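> Encoded as structure tokens, here's the structure I'll be asking about.
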Amino acid sequence: MPEIKYAVTHAGPAHRDDTLSVAIALSLEGDIQVFRRPPTEDELNSPCVLVLDTGERYDPEMNNYDHHQFDEDAEEPNCALSLYLKSRGLEELFDLQRWYLPTILLDDRGPYATAKILGLNKFPFELVDPIGTAIVNMFGSYFGQVGAETLKILRNIGDQILTATKKFADQIFHLERVCDVVQIDGYKVLVLRTADITASQEYRNRNHPDAVASISWDNRGSGWAMYRFSHHCPVNFGRLTGNPDVMFTHRDGSLAKTQRRLPVEDILNLVSQSIERHTA
């Protein structure tokens with residue numbers, strides 16, 4: 001891949017995907033200049049110019065990553081961010097991030113289609129991040145060359161996203177190595193021999209979607225931590241309140257912790273006690 005001299009993206013209102021594309025490009029390609037304007041024909045034909053979300057061309061060899069020329073009803077959604085990441089071999093890493101698919105869908109299909117695909121009645125505009133919106137608007141305020149201070153902020157964001165994404169993927173692979181799967185009263189429970197369980201929900205969703213709970217080393221103390229994966233399951237750790245081996249239970253029943261690291265058979269017995277059994 002030739003060295004990128006600078007990047008070009010569209011002018012006018014910025015969106016989440018082109019802002020993120022630039023942020024990650026600044027991290028991957030270095031501190032290049034960025035211009036918000038239509039690309040020239042020479043720029044589209046130069047592999048040394050990174051063209052993002054504009055130009056109506058998708059040509060990785062020429063470093064052109066636009067999606068607006070694709071059919072609106074294409075089976076696979078794409079945006080500038082996904083096309084660029086794919087060319088840099090990072091798509092599988094980002095597929096693990098829960099925010100990644102909604103970002104693609106929002107730009108390619110819009111909020112209402114995104115909500116439908118995600119199984120929602122409506123798009124949750126109430127949850128739109130004001131900090132992210134402010135950064136996108138700051139980037140979108142430029143026409144022509146983007147200011148150095150803004151690029152510095154975007155570079156920092158890109159660095160942090162890449163670091164977090166790689167760490168998250170490493171953590172999922174780590175959980176694969178330290179996970180034992182047990183059955184308790186007919187329910188699947190994950191025993192994680194680690195205190196670093198940042199990606200445990202995603203690991204469970206991808207590998208053991210029927211698991212109802214996990215136990216792991218407490219990351220704040222010397223005991224065990226017991227987590228419930230879903231509210232719609234019979235596990236209620238609130239049932240352990242008052243147990244002498246348990247020092248904390250969350251009021252919604254989703255979490256409990258022990259004072260010390262009990263033998264595994266004892267902690268599994270506590271999980272068993274947390275299962276609500278409904279008699280006819």
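Since every read-out is calculated from the coordinates, none of them should be taken as a lab result. Quick caveat: nothing in here was measured; it's all calculated off a predicted structure. As a convention, Cβ positions derive from the backbone with ideal geometry for all residues, glycine included, and neighbour counts pool all protein chains shown.
> Which ³J(HN,Hα) values, rounded to whole Hz and listed in residue order, are derived for the stretch 241-247 from phi using the Karplus coefficients 6.51, -1.76 and 1.60 in 6.51 cos²θ - 1.76 cosθ + 1.60 with θ = phi - 60°, glycine and proline given as x?
4, x, 5, x, 7, 10, 9
> So how much slack lies between Gln145 and Lys166, counting 0.36 nm per residue of separation and subtracting their Cα-Cα distance, in nm? Write down the numbers at each step before the final one.
Working: separation 21, 0.36 × 21 = 7.56 nm, distance 3.06 nm.
Here the answer is 4.5 nm.
> Picking from Asn137, Leu85, Phe35, whose Cα lies most toward the positive end of the charge dipole for the stretch 6-146 (charges on Cβ: Lys, Arg +1; Asp, Glu -1)?
Asn137
> For Gly253, which sequence-distant residues (separation of 5 or more, or a different chain) have an amide H within less than 5 Å of its own amide H, given hydrogens modelled in the peptide plane?
Gly238
> Pull up all non-local amide H partners of Thr241: gap of 5 or more, or a different chain, and H-to-H distance under 5 Å with H placed in the peptide plane.
So Thr241 has HN proximity to no qualifying residue.
> Something else about it: Mind sorting Ser214, Ser272, Ser254 by how few other Cβ atoms lie within 10 Å of their own Cβ, fewest first? Before the final figure, lay out the partial values.
Details: Ser214 24, Ser272 13, Ser254 18.
Exposure proxy ranking, most exposed first: Ser272, Ser254, Ser214.
> Per 0.36 nm of contour for each residue apart, how much would the distance between Glu56 and Leu96 grow if the chain were fully extended, relative to their Cα-Cα spacing?
Extra length from Glu56 to Leu96 when fully extended: 11.6 nm.
> Let me ask you something else. For the chain, what does the helix formula give at 222 nm: sum of -39500 (n - 2.57) over DSSP H segments with n ≥ 4, over the residue count, nearest 500 deg cm²/dmol?
-12000 deg cm²/dmol
> Of the cross-linked pairs Lys5/Lys166; Lys122/Lys152; Lys86/Lys257; Lys86/Lys122, which ones have a Cα-Cα span greater than 31 Å in the structure shown?
Beyond 31 Å between Cα atoms: Lys122/Lys152; Lys86/Lys257.
> Between rounded, prolate and oblate, where does the stretch 48-109 land on the alpha carbon gyration tensor, with a ≥ b ≥ c its root eigenvalues, rounded for a/c under 1.5, else prolate if a/b exceeds b/c?
It is oblate, given that a/c is not under 1.5 and a/b is not larger than b/c.
> Something else: Any idea which of Met247, Val128, Gln97 is furthest toward the positive side of the dipole for the chain, if Lys and Arg beta-carbons carry +1 and Asp and Glu beta-carbons -1?
Farthest along the dipole direction, towards plus: Met247.
> Using the Cα centre as the reference, give the magnitude of the dipole from point charges on the C-beta atoms of the stretch 6-146 (Lys, Arg: +1; Asp, Glu: -1; all else neutral), rounded to the nearest 20 debye. Let's see the in-between values first.
Details: 10 positive and 24 negative charges, 117 e Å.
My answer is approximately 560 debye.
> Which ³J(HN,Hα) values, rounded to whole Hz and listed in residue order, are derived for the stretch 53-69 from phi using the Karplus coefficients 6.51, -1.76 and 1.60 in 6.51 cos²θ - 1.76 cosθ + 1.60 with θ = phi - 60°, glycine and proline given as x?
6, 7, x, 6, 9, 10, 8, x, 5, 9, 6, 9, 9, 10, 10, 5, 7
> Oh, and also: Looking at the chain, send over the antiparallel percent of its DSSP beta bridges, to the nearest 5.
The antiparallel fraction comes to roughly 60 percent.
> Would you mind ranking Trp99, Trp217, Trp224 by Cβ crowding within 10 Å, fewest neighbours first?
Trp99, Trp217, Trp224
> Could you tell me which chymotrypsin sites (Phe, Trp or Tyr not before Pro) in the stretch 1-91 are loop residues by DSSP with no more than 12 other beta carbons within 10 angstrom of their beta carbon?
In loop regions of the stretch 1-91 (DSSP not H, G, I, E or B), there are no sparsely surrounded chymotrypsin sites (Phe, Trp or Tyr not before Pro).
> Further, regarding this structure: Stretch Ala134-Leu118 to full length: gain in nm at 0.36 nm per residue minus the Cα-Cα span?
Working: separation 16, 0.36 × 16 = 5.76 nm, distance 2.53 nm.
Roughly 3.2 nm would be gained on extension.
> Something else about it: Dipole of the chain, Cα-centred, from +1 at each Lys and Arg C-beta and -1 at each Asp and Glu C-beta, to the nearest 20 debye?
1500 debye
> Can you pull out the GluC sites (Glu not before Pro) in the stretch 9-117 that DSSP calls coil and that have at most 11 other Cβ atoms within 10 Å?
Listed in order of number, the matching sites are Glu72, Glu75.
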